[in-house]
Amino acid sequence: MAKVELKAIGKIYDGNVRAVTNSNITIEDREFCVFVGPSGCGKSTTLRMIAGLEDISEGELYIDGELMNDVPPKDRNIAMVFQNYALYPHMTVFDNMAFGLKIRKTDKAEIKRRVDEAAKILDLTKYLDRKPKALSGGQRQRVAVGRAIVRNPKVFLFDEPLSNLDAKLRVQMRAEISDLHNRLQATMIYVTHDQIEAMTMGTKIVVMKDGKIQQIGAPLYLYNHPINKFVAGFIGTPPMNFLTVKIVEKNGTIIADEGSFEIEPTEEQKAKLKAYVGKEVFFGIRPEDLTYCPTPADKNNMSMKVSNMEPLGAQTHLFLATKGQNIIAITEPEHKFTLGDTVNFVPRIERSKFFVKNMGGEEEELNICEDIENTWK
């Protein structure tokens, strides 16, 4: 397989429209790297530059140590799986999977061996004589993956391959693609807007926004140590809550004052927040880090009103309102609430985050209390 290196890669379209800016990414041999971000963030454009389907405006692309900027797609030894399957409707599953090998004039016996091997891996053996219209969405997607496998490429590229599938089938296909990576030990690059796919499948995640890389890291590293407010809010389900608080000094200690309640940070957080006394910042806390208290707590009690509820069986998502701000908490199903109830929660302060609050402008809302480098951890 192969190592993929993007060095200061950029993409500029006509009219000086910049889709990707200064992307520096190293994807090691046999890694499963996921590009994730909202629509229009540049993740698919970056993937297409790796594939050779888009010209590279700036920077250099290396695959297995070889410069690929001007190498045609067919000579890059990569295979791409598209969102819409891109199967030939008039061909059987066997012919769809074998097509790329046939046009390369591969020996017939070798083609059959490779297709049979890929079909066995993907549980497609009994469907080889069918045409795509006789297959389910998940089976069609497996055929598209099989067409990539038979190529024995250096790098597999996946462009949102599960977005056309229903929720249950997406879960199944996530597991199948992850298992495929473990079995093939291949270098895989996967693009998605779904952070759950990114968290459950990737060994490395690249979070993108507005054509720029925000942070690169292992899934749990990004979850626990987001470099800025965007990453903190994008990684995790339900997303991290953010409340505007004012940092004040009260009775000789640092307090985060929300207006209707006060939060006392940890000693380590206080040391960093001292520079922000008198300023507003964002207090970030994940829904799972809020603990319900039947009666008000003596310290760090957050008193809020229930505005909505989502019972999900094993847990309930509670929507809470305070001073015009809204947050979500996760509670156990045995706790019963009524809309309009005033309830009390205590945050796990050691798990909370504080972010710079920018008044407009393009500067990132950075994590205040942690020294985090935007590098692979």
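The packing ranking, built from the mean of other Cβ atoms within 10 Å per residue, places the peptides 334-344, 195-205, 128-138 in the order 195-205, 128-138, 334-344, highest first. With an a/c value under 1.5 for the gyration tensor axes a ≥ b ≥ c computed over the alpha-carbon atoms, the range 1-89 is described as rounded. Annotation for the range 85-116 versus the range 338-358: alpha-carbon center distance of 56 Å. Here the extension length gained between S260 and N224 equals 10.2 nm, from 0.36 nm per residue of separation less the Cα-Cα distance. Counting other Cβ atoms within 10 Å, which GluC sites (Glu not before Pro) in the range 12-79 have at most 15 and lie in a DSSP loop? Counting only loop positions with at most 15 other Cβ atoms within 10 Å, the GluC sites (Glu not before Pro) in the range 12-79 are E28.
The residue among I368, G340, G284 whose Cα reaches farthest toward the positive pole of the charge dipole of the range 224-377, with charges on the beta-carbon of Lys, Arg, Asp and Glu, is G340. Students often forget the sequence filter, so: which aspartates and glutamates lie under 12 Å Cα-Cα from K3 once same-chain residues fewer than 8 apart are removed? Candidates past the 8-residue exclusion: E28, D29, E31, D64, E66. Rounded to the nearest 20, the size of the Cβ-charge dipole of the range 246-316 about its Cα centre is 200 debye, with Lys and Arg at +1 and Asp and Glu at -1.
Of the residues V4, V17, T106, the one whose Cα sits farthest toward the positive end of the charge dipole of the range 1-140, with +1 on the Cβ of Lys and Arg and -1 on the Cβ of Asp and Glu, is T106. For the chain, the Cβ-based charge dipole about the Cα centre amounts to some 1440 debye (Lys, Arg positive; Asp, Glu negative; other atoms uncharged). Modelled spin labels at Q83 and K7, positioned 7 Å past Cα toward Cβ, are 3.2 nm from each other. Under the criterion of Cα pairs below 8 Å and six or more residues apart, the relative contact order for the chain equals 16 percent. Going by the alpha-carbon gyration tensor, a ≥ b ≥ c the square roots of its eigenvalues, is the range 21-145 rounded (a/c under 1.5) or, if a/c is not under 1.5, prolate (a/b greater than b/c) versus oblate? Prolate shape, in that a/c is at least 1.5 and a/b is the bigger ratio. Measuring between alpha carbons in the structure, the pairs from K250/K323; K250/K357; K204/K246; K154/K209; K212/K274 lying more than 24 angstrom apart are K204/K246; K154/K209; K212/K274. Please state the shape class of the chain: rounded when a/c is under 1.5, otherwise prolate if a/b exceeds b/c and oblate if not, all from the C-alpha gyration tensor. Taking the square roots of the gyration eigenvalues as a ≥ b ≥ c, the chain is prolate. Look at the dipole of the chain built from charges on Cβ: of M97, N308, G252, the Cα furthest out on the positive end belongs to M97.
With both labels modelled 7 Å from their Cα along Cα-to-Cβ, the T253 to L366 distance reads 2.8 nm. Remark: accessible surface ordering of K279, K108 (largest first) is K108, K279, probe radius 1.4 Å. Counted over the chain, the DSSP beta bridges are approximately 75% antiparallel.
Looking at the range 153-186, none of the trypsin sites (Lys or Arg not before Pro) sits in a DSSP loop with at most 10 other Cβ atoms within 10 Å of its own Cβ.
The values are calculated or read from the model by the stated rules, or taken from the named source; none is laboratory data. All values derive from a computational prediction rather than experimental measurement. Virtual Cβ from ideal backbone geometry, glycine too; neighbours counted across all protein chains shown. What goes into the accessible areas is simple: the full protein's heavy atoms, side chains included, and nothing from ligands, DNA or RNA. Shrake-Rupley method; radii C 1.70, N 1.55, O 1.52, S 1.80 Å.
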